[in-house]
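Here's the structure we're looking at; comments come further down.
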Ligand SMILES: Cc1cc2nc3c(=O)[nH]c(=O)nc-3n(C[C@H](O)[C@H](O)[C@H](O)COP(=O)(O)OP(=O)(O)OC[C@H]3O[C@@H](n4cnc5c(N)ncnc54)[C@H](O)[C@@H]3O)c2cc1C
């Protein structure tokens, strides 16, 4: 169902890709999401089809086997996937952040080694900053790496909330390498930590890299979120992102750069879930009757639909603006923060309004809106909470407009 005027400035290629992913969501994701959500199991058959469609290599350059598309097109794809189910976009999103880190900061050797397999989805990537005792305050991380006599780095500590933590092969992990560094962020390094996918207790070269059972969550099911425990895990110096010489002490800056993309990414997910909530509300409100007429004919319901559609379009425009600025190489820190803040809140707002329009049925697992209601709040938290977005936007605004 075509709803909410779509942002029409799409190239022919973007239109074709979006139509393809839209259809994929309608035919493969939406009809199956309830099952995987209920079982909280990994949607393997959907992921296999995504590999065939090339969706794990959207921004990876063609020379490494990817599609070589830009962030704007990627955001459009993420919106379509999230309209289907945000867990599906979650499976690609940390992978995308990992591939961006490699493309921007990786050595030639690192790119050659990992990007071709990442482009096909043969190996998948996770991204790990958060720890049990810190999330917003990234500079407070405690996981630490020390150089050993044989030149490797030994990593010890615990990470928290790692999306794709179990089934990934690579985890881009932020680790403290110089505990005395001032300012603190200069003592942090990003390690490309390898492990066996799907294995809780790793052995052989990956000994000391353990993945406890997945965290049970209210929503965002199907894709696993895990803790990671590093207990004497040996990581070769060659797996420092960008190489030891260039990459040591650069991890925080690299990860923050990637987070800017991550924010556009989450914003696109907010647009997708908001769009789906609106579609469900438009349909239900024309089916349900009260007081002798369709509820869509009550002005109070029309006002809700109007507010939802306005939020969807505004969120989409902000998201595309941030993506386009980044694609053009322009500064986009404020814009990415605004897009993430607005679109994730729009996702929550539209889902709640749609839930209200569904009346008692919205509370039933028979209706899709029930799942959206449990999924939407994640977007307020991941890649920085709304409070943190406001802090970033406020701080950067003052920097840009210093008197
Ligand atoms: C399902 C899920 C998946 C995730 N996936 C990943 C992942 O793949 N990789 C990863 O690294 N992390 C991941 N995260 C972690 C996520 O990024 C953090 O949860 C988030 O950054 C918030 O950190 P926190 O939970 O430690 O909250 P805290 O930092 O403890 O914050 C608690 C509350 O205080 C507020 N607050 C904190 N500081 C301030 C301040 N200075 N001013 C005002 N308010 C403040 C916050 O906004 C929040 O409301 C995931 C989280 C979830 C729930």
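Tabulated data
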read-out: Highest to lowest packing among 243-251, 286-294, scored as the average C-beta count within 10 Å; value: 243-251, 286-294
read-out: Point-to-point label distance, residue 216-residue 20, nm (Cα→Cβ direction, 7 Å offset); value: 4.1
read-out: For the chain: relative contact order, % (alpha-carbon pairs under 8 angstrom, 6 or more apart); value: 16
read-out: Ascending count of other beta-carbon atoms within 10 Å, so fewest first, for 190, 350, 134, 235; value: 134, 235, 190, 350
read-out: Per-residue [θ]222 nm for the chain (sum of -39500 (n - 2.57) over DSSP H runs n ≥ 4, rounded to 500); value: -16500 deg cm²/dmol
read-out: Angle in degrees between helix 71-84 and the longest Cα principal axis of the chain, rounded to the nearest 10; value: 60
read-out: Stretchable slack from residue 306 to residue 38, in nm (0.36 nm times residue separation minus alpha-carbon distance); value: 93.3 nm
read-out: 0 to 90° range, to nearest 10: angle between helix 108-120 axis and the chain longest Cα axis; value: 30
read-out: Inter-label distance for residue 328 and residue 396, nm, one decimal - labels placed 7 Å from Cα along Cα-to-Cβ; value: 1.5
read-out: Rounded if a/c under 1.5, otherwise prolate or oblate - segment 110-220, Cα gyration tensor axes; value: oblate
read-out: Nearest 10 degrees, 0 to 90: helix 86-105 Cα axis against the chain principal axis; value: 40
read-out: Pairwise label distance in nanometres, residue 30 with residue 156, each label 7 Å out on the Cα-Cβ vector; value: 5.3
read-out: Theoretical gain in end-to-end length, residue 122 to residue 48 [0.36 nm per residue, Cα-Cα removed]; value: 25.6 nm
read-out: Solution diffusion estimate, µm²/s, Stokes-Einstein, segment 267-403, Kirkwood Rh from C-alpha pairs, 20 °C, viscosity 1.002 mPa s; value: 135
read-out: Gyration tensor over alpha-carbon atoms, segment 170-264, equivalent ellipsoid semi-axes in Å; value: 25, 19, 12
read-out: Calculated FRET efficiency for the pair residue 291/residue 70, C-beta based, R₀ 51 Å, to 0.05; value: 0.55
read-out: Considering only the chain, percent of DSSP beta bridges that pair antiparallel, nearest 5; value: 85
read-out: The chain: C-alpha pair distances exceeding 38 Å, %; value: 19
read-out: Exposure proxy order (Cβ contacts within 10 Å, fewest to most) of 284, 206; value: 206, 284
read-out: Likely footprinting exposure, 298, 320, 401, 95, fewest C-beta neighbours within 10 Å first; value: 401, 298, 320, 95
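No value in this document is a laboratory result; all are computed from the given coordinates. Worth saying up front: this structure is predicted, and the values here are computed from it rather than measured. Glycine also receives a Cβ, built like all others from the backbone with ideal geometry; neighbour counts cover every protein chain displayed.
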